[in-house]
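*Asks:* Pasting a structure below so you can have a look.
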Amino acid sequence: MDCTIRHFEKAIGQPPQSFSAPVFAASVTIPGLIVHDEDEETPFRNAQLLHQAWPQSQLMRTRGLRHTLKSDSVVKAVYDFVQVEL
């Protein structure tokens, strides 16, 4: 594993952790809406960490929508978010 990390750092010029979503989100200066389903394969905790790192974000938790997030409640949340933020 160390060999892979060293190769990555040599090729990219930065450590792998500098490419994490929370690290990137900390520098984002615009509002954002994070929609994440708690039943999805990606742990909901990842969305919480992203939300905590992104000062102007809102986090919407869904249940049972999995990765598609197809629901009237998600559409309404996105619509409302865009109306307020634009």
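*Asks:* Which pairs do you get when a residue that is within 12 Å of residue 38 (Cα to Cα), found in the stretch 64-75, comes within reach of a residue that is outside any loop (DSSP other than H, G, I, E, B) and of a type in the set (Asp, Glu), reach meaning Cβ atoms under 8 angstrom, with the pair 6+ apart or on two chains?
*Replies:* Qualifying pairs under 8 Å: 64/37; 65/37; 66/37; 67/37; 69/37.
*Asks:* Tally the residues that are of a type outside the set (Ser, Thr, Tyr), in a helix (DSSP H, G or I) and surrounded by fewer than 16 Cβ atoms within 10 Å (Cβ to Cβ), restricting the search to the stretch 58-86. Give the steps one after another, and end with the answer.
*Replies:* Initial filter on the stretch 58-86 (of a type outside the set (Ser, Thr, Tyr)): 58-61, 63-67, 69-70, 72, 74-78, 80-86.
Remaining after also requiring in a helix (DSSP H, G or I): 72, 74-78, 80-85.
Filter once more, keeping what is surrounded by fewer than 16 Cβ atoms within 10 Å (Cβ to Cβ): 72, 75-76, 78, 80, 82-85.
Looking only at that region, the number is 9.
*Asks:* Would you check which residues across the stretch 31-86 are within 14 Å of the chain's Cα centre (by Cα) and of a type in the set (Phe, Trp, Tyr) and list them?
*Replies:* Within the stretch 31-86, 44, 54 qualify.
*Asks:* Looking only at the stretch 40-48, decide whether some residue is under 19 Å from residue 22 (Cβ atoms), touching a helix residue (DSSP H, G or I) at 6+ places or on another chain (Cβ under 6 Å) and at pLDDT 95 or above.
*Replies:* There is no residue in the stretch 40-48 that is under 19 Å from residue 22 (Cβ atoms), touching a helix residue (DSSP H, G or I) at 6+ places or on another chain (Cβ under 6 Å) and at pLDDT 95 or above.
*Asks:* Also: Restricting to the stretch 1-37, what's the tally of residues that are surrounded by 11 or more Cβ atoms within 10 Å (Cβ to Cβ), at pLDDT 90 or above and not in a helix (DSSP H, G or I)?
*Replies:* 9
*Asks:* Given the condition out of contact with any His (no Cβ under 8 Å at 6 or more places or on another chain), surrounded by fewer than 11 Cβ atoms within 10 Å (Cβ to Cβ) and assigned to a loop (DSSP other than H, G, I, E, B), answer yes or no: does some residue in the stretch 48-57 qualify? Spell out the reasoning first.
*Replies:* So the first thing to find is which residues in the stretch 48-57 are out of contact with any His (no Cβ under 8 Å at 6 or more places or on another chain), and the list is 48-56.
Next, only the ones that are surrounded by fewer than 11 Cβ atoms within 10 Å (Cβ to Cβ) stay: none.
No - not one qualifying residue is present in the stretch 48-57.
The values are calculated or read from the model by the stated rules, or taken from the named source; none is laboratory data. Just so you know, these numbers come straight off a predicted model, no measurement behind them. Cβ atoms come from the backbone with ideal geometry, glycine included; neighbour counts cover every protein chain shown.
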